[in-house]
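The values are calculated or read from the model by the stated rules, or taken from the named source; none is laboratory data. Because the structure is predicted, anything quoted here is derived from the model rather than measured. Cβ coordinates were reconstructed from backbone atoms using ideal geometry, including for glycine residues, and neighbour counts include every protein chain displayed. Calculation scope for accessible area: heavy atoms of the full protein, side chains included, ligands and nucleic acids excluded. Shrake-Rupley method; radii C 1.70, N 1.55, O 1.52, S 1.80 Å.
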Amino acid sequence: MATRGIMLTLLLALACLSSPTRAEIFTSIGQMTDLIFTERELVQSLKEYIRAEETKLEAVKSWANKLDLLTRASTSDPEGFLAHPVNAYKLMKRLNTEWSELESLVLQDPSDGFLSNMSVHRQYFPDEEDEKGAAKALMRLQDTYKLDSESFSKGKLPGVRYSALLTVDDCFDMGKLAYNENDYYHAVLWMQQALKQMDTGEDAKTLKADILDYLSYSVYQMGDLSRAIELTRRLVAIDPGHQRAGGNMRYFERLLSKELRDVTQESADERPIQLDTYERPKDYLPEREIYEALCRGEGVKMTSKRSSRLFCRYQTGNRNPRLLLKPMKEEDEWDSPRIVRYLEALSDQEIEKIKELAKPKLERATVRDPKTGILTVAHYRVSKSAWLDGDDDPVVERVNRRIQDITGLTVDTAELLQVANYGVGGQYEPHYDFSRRPFDSNLKKDEPDAFKSLGTGNRVATYLHYMSDVEAGGATVFPDFGAAIWPRKGTAVFWYNLFKSGEGDYRTRHAACPVLVGSKWVSNKWIHERGQEFRRPCGLTEAD
């Protein structure tokens, strides 16, 4: 009973981990790495608990064996046994003293150290929202990169260095999460994968009836009545008394009857339910298909004619003294709007220092609500960011100065250096870096001037450092003109967000594609209009 109590205590402690503590860990790979070491420490603590429990049980077992032999002899002839005074004495002693010692031994709780360690780390553990966020990230990657559920389940992803498999139970949990969010499209894909793996003989805690229950109703919600009936029949065959199956079957068949279809002869489509079986529901993003195609490297409009207009050169920043001896290597990425990439813009040492400074400050990245102008978190921006001032460290000040030297624009009115780390499926869907002000002729409705309070004007240009290579995914894409720029560690890209007239260049609407495999670190410097009057003279037309 005492051991059962210990295990109950342990299970209760583990259950407490699901309580909301610290959400949005999934939005930063950098912060998630801390959990790896925390888990390793807990495993060591768990092993120590097991060793202590085994030592305790061995001692109890020794007591039990010794007393078993003794009681067999004593109970065979109780009076004769107690006739010996030593036996009588030792019986009194055992029941008065030794059994109390044994009771104390059994009541010892070797789990105290482990539970104490758990309590220390529990506050840093992911919560339910993190688990949901990570699951939705897998579905986002599934859609963006056109990967079926089996690709994730079997670990068939590009650029992976470690194997990771999803079990039947994992696939079922993914499908159930989608189902509970009324996302029947993904519920079908993941329940189908769970069923497929179970049908191959894989062991699972999940019941087949539960999979068929969720799958049949999700298929119905996708408008496939024939297949819903076929799946429900399978459910009734293995569980005739299922609470909902019979009612669902009658309901589905009535629907088909109303359509004047022969239920008895109707055969469901026997093809596996895969990505292209049902049409993916449309959402709020008008350029969704173009954006995701670019993320996959499809539809990039870099023709041979356009490519012939791109060059590389040494950039001295209009003969800036700091660049004369060591010019910056500059490559054209796109001609119009002009986007350039700078090579060796950050050293490995600078990158590590910037990440070290940013990591303790990382918080969920926010976006500005177009209606209110207030910063808020959004599902279409999944990352964490931190802001670094030049006073934080000489490295930050040196990087700021280098940006000014290269671009020829002052950074005195620029925003702080923003460092961002993308988490599981981390992304930032198509957006503008500049504020679409009410007087902008391209704006169809009024929006608050997002940067009015800064007093430095609009974001005239974006300077973006890539601080890591990304094994798969994570490109910066421009849906308007079909460009895709891939992360390369230590490089930076630069473009203007505004025409010389001050009007926003709507072609620069861009996105950070979901990270499929890897950890993406970037740092941004958004340069504002104020102070650029003589560095980038204004014009009357929308000309570069």
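Structure summary
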read-out	value
Solvent exposure, largest accessible area first (probe 1.4 Å, DNA, RNA and ligands not counted), of TRP190, TRP486	TRP486, TRP190
From the C-alpha gyration tensor of the stretch 30-84, square roots of 5λ in Å	51, 6, 5
Lys/Arg +1, Asp/Glu -1 at C-beta; the chain dipole; positive extreme among ALA293, ASN497, VAL219	ASN497
Gain in span if fully extended, LYS500 to ASN96, counting 0.36 nm per residue against the direct Cα distance	135.8 nm
Pairs from LYS154/LYS355; LYS359/LYS525; LYS146/LYS359 whose Cα-Cα separation, in the structure shown, is over 27 Å	LYS154/LYS355; LYS146/LYS359
Residue order for SER257, SER111 - accessible surface, 1.4 angstrom probe, largest first	SER257, SER111
Added length on full extension, which subtracts the Cα-Cα distance from 0.36 nm per residue, GLU103 to PHE534	146.5 nm
Carbon + sulfur, % of accessible area of the stretch 392-434 - ligands and nucleic acids excluded, 1.4 Å	43
Å² of accessible area per residue within the chain, as computed with a 1.4 Å probe and no ligands counted	53
Nonlocal amide H pairs with GLY299, under 5 Å, H built at 1.01 Å	none
Net charge dipole size for the chain [Lys, Arg +1 and Asp, Glu -1 on Cβ; Debye, nearest 20]	1300
Nitroxide proxy distance, nm - points 7 Å out along Cα→Cβ at ASP412 and LEU57	7.4
Computed [θ] at 222 nm, deg cm²/dmol, the chain (DSSP H ≥ 4; -39,500 (n - 2.57); rounded to nearest 500)	-13500 deg cm²/dmol
Along each principal axis, Cα extent of the stretch 165-232, largest first, Å	30, 24, 15
PHE434 accessible area, assembled protein chains, probe 1.4 Å, Å²	10
Per-selection Kirkwood Rh - the stretch 112-234 (Cα, Å, 1 d.p.)	15.8
Rounded to whole Hz, the Karplus (6.51, -1.76, 1.60) HN-Hα couplings of the stretch 281-290, x for glycine and proline	x, 6, 10, 6, 9, x, 9, 3, 5, 5
By accessible area with a 1.4 Å probe, ligands and nucleic acids excluded, highest first: order of SER28, SER62	SER62, SER28
Inter-centroid distance (Cα atoms) of the stretch 96-160 relative to the stretch 482-544, Å	41
Share of carbon and sulfur in the accessible heavy-atom surface of the stretch 21-61 [1.4 Å probe, %]	59
Packing-based order for 279-285, 510-516, using average beta carbon neighbours within 10 Å, highest first	510-516, 279-285
Gain on full stretching of the segment that runs from THR200 to SER347 - 0.36 nm per residue minus C-alpha separation	47.9 nm
Carbon plus sulfur fraction of accessible area for the stretch 101-162, probe 1.4 Å, in percent	51
P(r), alpha carbons of the stretch 472-544 - 5 Å bins starting at zero, rounded %	3, 13, 21, 21, 16, 13, 8, 4, 1, 0
Cut-off 16 Å (backbone N to label point 7 Å along Cα→Cβ of LEU42), residues of the stretch 161-189	none
